[in-house]
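The structure appears right after this line, and notes come after that.
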Amino acid sequence: MSTLAEDILGAPAGSYIDREVDRAFVHDGTGVLTREAWLAMGHGTIAHPERCSVIFDHIVPANNSTTAHLQHELREFAREKGMQFYEGGCGICHQVMGEGNTLPGEIIVGADSHSCTGGAFGAFSTGIGATEMAAIWLSGSTWFKVPSSIGIALEGNLPNNCEAKDVALRYIRMLGMDGGTYKALEFIGDGAKGLTIDSRMVLSNMAVEAGAKAGLFAADKTTKEYLSGFGHSIDVHPPQENTSYEQELSIDLSGMEPLLAVPHRVDTVVPVKEKEGLALDQVFIGTCTNGRYEDLETLAAGVKGQTVQVRTILAPASRRVLERATQSGVLQTILEAGIIVLPPGCGPCLGAHMGVLGEGEVGLSTANRNFKNRMGVGAEYYLSSVATAAASAIHGVITVPGGN
């Protein structure tokens, strides 16, 4: 039987196809490059401006006058062309797209590598370059090579001190940083069905860290219930049986333990207990991987009634997430613990501002990348779940969550 990627794209793996794009988005960084490429192509029109979004998230508020000027030009361009525009503070592009702007069966492209996040909703969502995005602005379509698929079967339930982030680090360790190159990862099994949308977005988001083109979940009743909150009514079809995958991995969720990616590779993964006690200079919670409401709840539960012992920074993934945390009291708990709260957005993840590490410093982050010099020249940073980050912030050293 065909894979989910083949079903959405409408062709067998290995085929080269041309397809209309349902939604296309850029952020303040790649949008500047896309606009330059579009202008170089001859000042054409925007084929479907209503399908195109410009989302300011990477360096907002602007960190210097040059950034501010480039953002001003892009902001005016988006408004002039009738594109969907999201001002700084609305949130990270992948989270904004996940708040009712991504539907099952759609073909979605984003000028950012983590655009595979949208696969959590049963869409074929993938990252492209700025020049290719400029061509999509002009034509409304692009080409794809339909990827073969790797099935990742999840069974059982996670222990209380483990999260989807631990599962993501586990499958990346199994595949390696290039083991999924130009493949679609399809998350299947009863364990996948039991995950929340927030958790599914974590697994889809990190598919690119194994080199994958997409990370897909079949739309089900969980998807339907989530999207109904944004006014969408979707049809849910039973998953196909006996799907033929190029490769299949199996992960027993009940046997998981908290994991860390150690500097400077995402696939160099060890149990948290192996690094327990390592002193930290900073803990960062947020990004398109772990800045959602579920994550803020986990953080609040981990620090409630205590004070962090190391500088700790939180960047909510969107304004909607921040508003919900404010209304529920979760944000108050986080503030009382001494945590610095940034505007919704990417924060220091890309190493531009608002929490970059200094040379020789060690950080723990819930982001998706720990490449050398990414979040600070000469610094080292480990990747973990929110629960691990919360426990470590309270103790000032890497700590296994839950006391295990």
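The values are calculated or read from the model by the stated rules, or taken from the named source; none is laboratory data. All figures in this text were calculated on a predicted structure; none of them were measured in a lab. Using ideal geometry, Cβ is built from the backbone for each residue, glycine included, and neighbour counts are taken over all protein chains shown.
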List the pairs whose first member sits in segment 81-104 and is basic (Lys, Arg), whose second member is part of a helix (DSSP H, G or I), and whose Cβ atoms are under 9 Å apart, counting only residues at least 6 apart or on separate chains? Lys81/Pro49; Lys81/Trp137
Checking His72 against (1) in contact (Cβ under 8 Å) with a residue 24 or more places away in the chain; (2) farther than 30 Å from Gly151 by Cα; (3) of a type outside the set (S, T, N, Q): exactly one of these is not met. Which one? (1)
I need the strands (runs of 3 or more DSSP E) fully contained in segment 49-127, keeping only those with at least 3 residues that are modelled with pLDDT under 95 and within 15 Å of the chain's Cα centre (by Cα). none
Which of the residues that make up segment 218-257 are under 17 Å from Ile8 (Cβ atoms) and either among the small types (Gly, Ala, Ser) or in contact with a Cys (Cβ under 7 Å, 6 or more places away or on another chain) (or both)? Ala218, Ala219, Ser244
Here are Val356, Val362: which of them is of a type in the set (Val, Ile, Thr), outside the structural domain of Ser115 (by TED's automatic domain parsing), crowded, with 16+ Cβ neighbours inside 10 Å and closer than 26 Å to Ile55 by Cβ? Val356
I'm told Pro343 meets every condition in (1) touching a Pro at 6+ places or on another chain (Cβ under 9 Å); (2) free of Cβ contacts under 8 Å to residues at least 40 places away in the same chain; (3) in a loop (DSSP other than H, G, I, E, B) except one. Can you identify the failing condition by its number? (2)
Tell me yes or no: at least one residue of segment 240-249 is more than 30 Å from Asp57 (Cβ to Cβ) and in the same structural domain as Ala389 (by TED's automatic domain parsing). no
Looking at this structure, is Asp166 in a loop (DSSP other than H, G, I, E, B) and either buried (at least 18 other Cβ atoms within 10 Å of the Cβ) or not hydroxyl-bearing (Ser, Thr, Tyr) (or both)? no
Given the structure, is Thr131 in contact with a His (Cβ under 8 Å, 6 or more places away or on another chain) and among the β-branched types (Val, Ile, Thr)? no
Report yes if some residue within segment 218-239 is in contact (Cβ under 8 Å) with a residue 12 or more places away in the chain, touching a Phe, Trp or Tyr at 6+ places or on another chain (Cβ under 7 Å) and not hydroxyl-bearing (Ser, Thr, Tyr); otherwise report no. yes
Filter segment 10-48 for residues that are modelled with pLDDT of 95 or more and either outside the structural domain of Lys81 (by TED's automatic domain parsing) or at positive phi (or both) and give the result. Gly10, Gly14
Answer with yes or no whether Arg311 is of a type in the set (D, E, K, R) and touching a Cys at 6+ places or on another chain (Cβ under 6 Å). no
For segment 187-209, how many residues are among the small types (Gly, Ala, Ser) and out of contact with any strand residue (DSSP E or B) (no Cβ under 7 Å at 6 or more places or on another chain)? 2
Kindly provide the set of residues from segment 1-33 that are assigned to a helix (DSSP H, G or I) and of a type in the set (A, V, I, L, M), ordered by number. Leu4, Ala5, Ile8, Leu9, Val32, Leu33
